[in-house]
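What follows is a single structure, written as structure tokens, with notes after it.
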Amino acid sequence: MAQKKPDLSIEFCGKTYKNPFLLSSSPVSNSAEMVERAFDAGWGGVVFKTLGSDRLRIDHPSPRMNSSNYGSRRLVSVQNVEQTTDRPLKDNLMELLYLNKHYPDSQTVHSIMGFADKEWEYLARMSEDHGADMLELNFSCPNMTIEGSGHDAGKSFYDLEHYTSIVKRAVSIPVMAKMTPNITDMTETAMAAKNGGADAISAINTVSGISGIDLDSFIPLPNVFGHGASSGTSGPGMKPIGLRFISDMAKDPDLNLPLSGMGGIETWIDALEYLLVGASTLQVTTGIMHYGYVIVQDMIEGLTDYMASKGIGKLSDLVGGTLPKLGKTDLFDLDRQGVVEYDLDRCIGCGQCVNVCTDAGGQALEWKSETRRPELTEDKCLSCMLCSFVCPISGLIKYKAMPEGWKRRETAVRDPSLEKELKYEPYVHDGSDGCLV
Amino acid sequence: MNINIVKERFKQMSPGMTMDQAIVEAERCLLCLDAPCSTACPADTEPGEFIRKLRFRNLTGAVRTIKSNNILGGACGVLCPTAELCEKECSARMATDGNPDGNDKPIRIGDIQRFLVEYGREIGFQPLSVEETGVSGKIAVVGSGPSGLSCAAELAKKGYEVTIFEALTEPGGVLRYGVVPFRCDVDFIEQEIVDVKALGVEIKCNSPVVGKAAAEELLKQGYDAVFMGPGLWGAYGLKEHSADIEGCYSSVDFLAKLRDEEFDGIISQFKGKTVAVIGGGSVAMDCVEASARLDTNDVYLIYRRSYTQMPAEKEERIDALQAGVNFLILHQPVDFITDDKNRLTGLRLVRTRLGEPDESGRRRPVLIDGTDWDMPVDIVIEAIGNKAVDESSDWYPNVKVDGSSLIVIDSETGATSISGIFAGGDIVRGPALVVEAVQDGKIAARAIQDYIEKKGNKE
Ligand SMILES: Cc1cc2nc3c(=O)[nH]c(=O)nc-3n(C[C@H](O)[C@H](O)[C@H](O)COP(=O)(O)OP(=O)(O)OC[C@H]3O[C@@H](n4cnc5c(N)ncnc54)[C@H](O)[C@@H]3O)c2cc1C
Ligand SMILES: Cc1cc2nc3c(=O)[nH]c(=O)nc-3n(C[C@H](O)[C@H](O)[C@H](O)COP(=O)(O)O)c2cc1C
Ligand code: SF4
């Protein structure tokens, strides 16, 4: 019998998204013409490029971005200095009306940023009056040239709560607050937005960073007519940071809000990981800046096939799936240890494993130059796994759990004869001067 | 040498890419807009799309792209002369021309395609299913070669009832009885055929559709349409009577024997012998390579033009040379030399030189007077071209054929001059490619669907 096709649709703040994939607010969602093509390609919704009120003119610095490469791989991350939209509000609202009219089944979220109480209120009302399904409050752009806005507001508990509550009072559609990762604990900033009435949280916006420096002029890149600045970094390199913040918020029982995750999503695997740490919608910019809207097809097909192979019918069954197994490091059972094991039949003899083990691991590998193969001394292996990361043959080097009670050899002292020169005496703790345990 | 050692050399093709290799290769792909490789694929296998899918770790999707566009996607990955097809247009290769930043190698599309199909099999992924269209109709397909399999699969996916009639004992056509097993082995082909059967196609082997108007009769036996894909199983020869000479084979006979119960006989017959293969195309290369693996004494390839004029792919030519085959170029065989029992003892050859270009644009070989000589050989394999079997037009006497007994069709639909009979593959094109036969099958399947729908509306 034919299996039922897994269902990618998901509820988010009372609305049904046909799939969890949204354009995030950025150049990829800058105009109706662009978003229309994205919807046609399969995206389930859009967070439109952040709207402003036209009171203060916005110009984007030029050039606008720089790419971080790793060897020949391009766009491992991207640094941008773009601000909120440079288009007039009237034009943007017409664009959003168009999308609403022609794509009633695709969700349209309006991202807004004000610089004063009244301005937040005004933008929220304008959006609601022009058919926004939801609002996203941009508390997180790190690039604003207007002080006190963007991620400055997103770092202030007062601003977060205050502006959110103003917006909440002005409109009846759901309101999501978009968080900056340029802080230490997002559950606190998110809680401030919740206190102001936020119905959902999205994260992460871009991470402040410096992608490179021109070595002749010493000007950081992108070089905007003689100046550089630390500014928003996004893309695959930021994924661990995004996953961390989403999972922190998902695990916080007091916060308990729906989450929209982003930061480095390109493949269905990245998307699934965000779902598993608790996001229920997903947003993408840099993946599209690199490869175009078409990548959504592989996210949809890949995720659908994955769910079919696991017998999972609904997307919501995946949301937060990792959380019960995600703890703090103090939960680890440190009595259990393991080592690596090698399938040397597949070895091609490059020796990278020996190199990293010798210079950064446990010196557990010896190089047999006649056969060009490594030889492992098991009880010296730290199970750091470095050798497996550099090995070009997937699965050749694997982790092997050792039986309970197994201990590794201690690292040998270079010159034991120096013991006689030691002035060592053991540390004994007395008193309670800030002692943790 | 032990017969089993020789057999071992024929059993298996060399292994394909690993996952790591495929991923590295896909990462080299430039993900071109309007991918030129996709445009170049004769069967619309969409390499641009399946490589992109691999790149984004959508491996199952990549397998789906291949198999839904090309039911023989695995075999094509192995057998397509990619350097002349998809890989010829690859931008990674194009980037070299005058561009020092370019990298000089096309993406190994055929190898990636094979990898993905094998990966799909390994994880038991079934990308194809029968659509619930509610259509009804019975179609007879004559021949289980690439064109027949492709047409049958395409129709079965749409929900039609398809029966393939195959003359030989196993399905696959040239894939099974032509292509040498060390290039594409039996297991590999069987898996492709399993995919066709899984769609509900019935394959009746040992069921030749021969005799007076037998193909046209099928329409009267309850089939709504017939697809003809019998291929070319006759052989051109130097002389009318060459088949009667002991030690003289056509490529068709020789290659088929490598695949069936006569293989042991061939091994003992070729042992220690000197073999000459006549021809310069891919089939000739298969024949010399097979001969070289057969524990023979010396193997010669005899070709009347120059090395660069050979139609066989560059890699095939180099492989043959590496296998120890001696190329005797600019030599025209003119006669067989036999003993009184009509057993072959040698070949009479005349040297040639290149003259003016002929209609194919290649310089014509011209015999040089007085240069004939006799070369002692024990076995000759003629690989100078396949043709329709002589009586084939009797099976469909009302279907229009050309002077070489190739079936004439409308290229947009595969329709022959007789309503309800369609055709494709080598019987239409002359010696062509697997990937082209696949496309013919697909085109005809779509036209057959239209034809049956229209017929249904009329009734
Ligand atoms: C030795 C050789 C090597 C080749 N190598 C390559 C290669 O590497 N790459 C490539 O792309 N192409 C290659 N080709 C060409 C390719 O194999 C053909 O173009 C392709 O097989 C044509 O497919 P087809 O369906 O038209 O016919 P075939 O493959 O010839 O299949 C026809 C089938 O119909 C059956 N049949 C015939 N008459 C009847 C009848 N009356 N009733 C029932 N059944 C019948 C036959 O037994 C056969 O099984 C090669 C060809 C040869 C001969
Ligand atoms: C060039 C650029 C401009 C952006 N502009 C905005 C913006 O106007 N409003 C906003 O909320 N986020 C903006 N972002 C942040 C993205 O929406 C997103 O949060 C971030 O890039 C992380 O996702 P990613 O790794 O998929 O790109 C911008 C990002 C980039 C790269
Ligand atoms: S079917 Fe053949 S020509 Fe087409 S993409 Fe695949 S290998 Fe290339």
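Side notes on the structure shown:
- Under the Karplus curve 6.51 cos²θ - 1.76 cosθ + 1.60, θ = phi - 60°, whole-Hz ³J(HN,Hα) for the range A:367-373, x wherever Gly or Pro sits: 8, 9, 6, 5, 9, 6, 9
- Free-standing Cys, chain A [no other Cys Cβ under 4.7 Å]: A:C13, A:C141, A:C347, A:C350, A:C357, A:C381, A:C384, A:C391, A:C435
- Taking GluC sites (Glu not before Pro) across the range B:194-250, the ones in a DSSP loop with at most 12 further Cβ atoms lying within 10 angstrom of their Cβ are B:E240.
- Using a simple spin-label model with pseudo-atoms 7 Å out from Cα toward Cβ, B:E132 and B:E313 lie 4.3 nm apart.
- Computed log₁₀ I(q)/I(0) - Debye formula, equal Cα scatterers, no solvent, the range B:12-122, q 0.18 Å⁻¹: -0.81
- Neighbour-limited loop hits for GluC sites (Glu not before Pro), the range A:80-161 (at most 13 other Cβ within 10 Å; DSSP other than H, G, I, E, B): A:E147
- Residue with peak Gaussian network fluctuation, chain A [Cα springs, cutoff 10 Å], from A:S202, A:S417, A:S127: A:S417
- In summary, the aspartates and glutamates within cross-link reach of A:K4, defined as a Cα separation below 18 angstrom excluding same-chain residues under 8 places away, comprise A:E301, A:D305, A:D317, B:E131, B:E132.
- Global size of the range A:276-391 as Cα Rg and Dmax, reported in angstrom: 20.9, 56
- Per residue accessible area in Å² of the protein assembly as shown, where ligands, DNA and RNA are left out and the probe is 1.4 Å: 47
- Given B:K212/B:K442; B:K212/B:K455; B:K67/B:K158, the pairs whose alpha carbons are separated by over 24 Å: B:K212/B:K442; B:K212/B:K455
- Debye equation applied to the C-alpha atoms of the protein assembly as shown, log10 I(q)/I(0) at 0.04, 0.08 Å⁻¹: -0.28, -0.93
- Pairwise burial B:A, computed as accessible area of each alone minus the pair, summed, 1.4 Å, Å²: 1200
- If the segment from A:S316 to A:S156 were pulled out straight at 0.36 nm per residue, it would be longer than the present Cα-Cα gap by 54.3 nm.
- Over 32 Å between alpha carbons, listed pairs A:K18/B:K105; A:K239/A:K400; A:K310/B:K7; B:K7/B:K105: A:K18/B:K105; A:K310/B:K7; B:K7/B:K105
- Using distinct alpha-carbon pairs, which all enter the 1/r mean, Kirkwood radius of the range B:266-377 in Å: 14.7
- Take the Cα radius of gyration of the range B:202-245 and divide it by 2.2 N^0.38 Å, N being the number of residues; the result is 1.66.
- Taking 7 Å steps out from each Cα toward its Cβ at B:T345 and B:Y236 produces label points 3.0 nm apart.
- Exposed trypsin sites (Lys or Arg not before Pro) absent: longest stretch of chain A, with sites in DSSP loops and at most 13 other Cβ within 10 Å deemed exposed: A:58-327
- Part-to-part distance (alpha-carbon centres) for the range B:330-402 and the range A:104-173, which is given in Å: 83
- Label-reachable residues, the range A:307-347, where backbone N falls under 16 Å from a point 7 Å from A:Y399's Cα toward its Cβ: A:325-342
- The contact residues of the range B:47-67, meaning those that lose at least 30 Å² of 1.4 Å-probe accessible area when all protein chains sit together rather than their chain alone, are B:R52, B:R55, B:F56, B:R57, B:N58, B:R64.
- Computed E for A:F225/A:D86 - FRET, C-beta separation, R0 25 angstrom, nearest 0.05: 0.90
- A P(r) calculated from all alpha carbon pairs of the range A:324-437, with 5 Å bins opening at zero, reads 2, 9, 15, 15, 13, 14, 12, 9, 5, 4, 1, 0 percent.
- Rounded to whole numbers, the Karplus 3J(HN,Hα) couplings from phi for the range B:407-420 are 6, 8, 10, 8, 5, 6, 10, x, 6, 8, 6, 9, 4, x Hz, using 6.51 cos²θ - 1.76 cosθ + 1.60 with θ = phi - 60°, and x at Gly and Pro.
- Note on B:I368 and A:E370: with the Förster distance fixed at 60 Å, the Cβ-Cβ geometry gives a FRET efficiency of about 0.55.
- Equivalent ellipsoid semi-axes, chain B, via Cα gyration tensor eigenvalues times 5, rooted, Å: 37, 29, 21
- Label-reachable residues, the range A:401-437, where backbone N falls under 11 Å from a point 7 Å from A:D330's Cα toward its Cβ: A:436-437
- Scanning chain B for trypsin sites (Lys or Arg not before Pro) that sit in a DSSP loop and have at most 11 other Cβ atoms within 10 Å, the longest stretch containing none of them is B:1-211.
- Lysine pairs within the range B:236-385, Cα separation less than 19 Å, 8 or more sequence positions apart or different chains: 4
- For the range A:262-311 and the range A:1-50, distance of Cα centres in Å: 11
- Rounded, prolate or oblate (a/c below 1.5 giving rounded, otherwise prolate when a/b exceeds b/c) for the range B:87-244 by Cα gyration tensor: oblate
- Accessible carbon and sulfur surface of the protein assembly as shown relative to its total accessible area, %, 1.4 Å: 50
- With the simple model of a label 7 Å out from the Cα in the direction of the Cβ, B:A243 to B:N4 spans 3.7 nm.
- The B:K220 and B:E453 beta-carbon pair, evaluated with R₀ = 22 Å, returns a calculated FRET efficiency of approximately 0.55.
- Of the GluC sites (Glu not before Pro) in the range A:6-73, those whose Cβ has at most 15 other Cβ within 10 Å and which sit in DSSP loop: none
- Residue with peak Gaussian network fluctuation, chain A [Cα springs, cutoff 10 Å], from A:D333, A:D117, A:D152: A:D333
- Dividing the summed -39500 (n - 2.57) terms of all DSSP H runs of n ≥ 4 by the residue count of the protein assembly as shown sets its mean residue ellipticity at 222 nm at -9500 deg cm²/dmol.
- Distance from the range A:231-248 to the range A:183-228 (C-alpha centre basis), Å: 11
- Calculated from backbone phi, Karplus (6.51, -1.76, 1.60) coupling profile of the range A:106-119 in Hz, x at Gly/Pro: 9, 7, 10, 9, 9, 8, 9, 9, x, 10, 7, 3, 4, 5
The values are calculated or read from the model by the stated rules, or taken from the named source; none is laboratory data. Bear in mind that the values here come from a model prediction, so they are computed numbers and not experimental data. Neighbour counts run over all protein chains shown; Cβ positions are idealised from the backbone, glycine included. Each accessible area value is taken on the protein alone, full model and side chains, heavy atoms only, with ligands, DNA and RNA left out. Shrake-Rupley method; radii C 1.70, N 1.55, O 1.52, S 1.80 Å.
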